Amino acid sequence: PGAFSLSLAGFIEEPERKYCFECATEEQCQEWVEALRRASYEFLRRSLIFYRNEIQKMTGKDPLEQYGISEEARFQLGAHR
């Protein structure tokens, strides 16, 4: 109950890496799983889209525009909602 594993695929030198974690408690295990989930690319991408839209609603401006991000990149970022 106090253990979980994480498999990563796509590395050239190792097609699949597997990491095993042990925790003192089930709560600790859940905390680790949640921390790893929040660090994922997909979670961060969704957060960026959400906050970009919130800033745009509040200011009327796209916050990415000031960084010279192309119209195409903005469209791709917003298309995956």
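Yes/no per residue for (1) modelled with pLDDT under 90; (2) among the basic types (K, R):
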position: S5; (1), (2): yes, no
position: I12; (1), (2): yes, no
position: Q28; (1), (2): no, no
position: E31; (1), (2): no, no
position: Y51; (1), (2): no, no
position: I55; (1), (2): no, no
position: K61; (1), (2): yes, yes
position: E72; (1), (2): yes, no
position: F75; (1), (2): yes, no
Problem - Residues (closer than 9 Å to A3 by Cα and polar (S, T, N, Q)) located in the stretch 15-33 - result: T25
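The values are calculated or read from the model by the stated rules, or taken from the named source; none is laboratory data. Everything numeric here is computed off the predicted structure, so don't read it as measured data.
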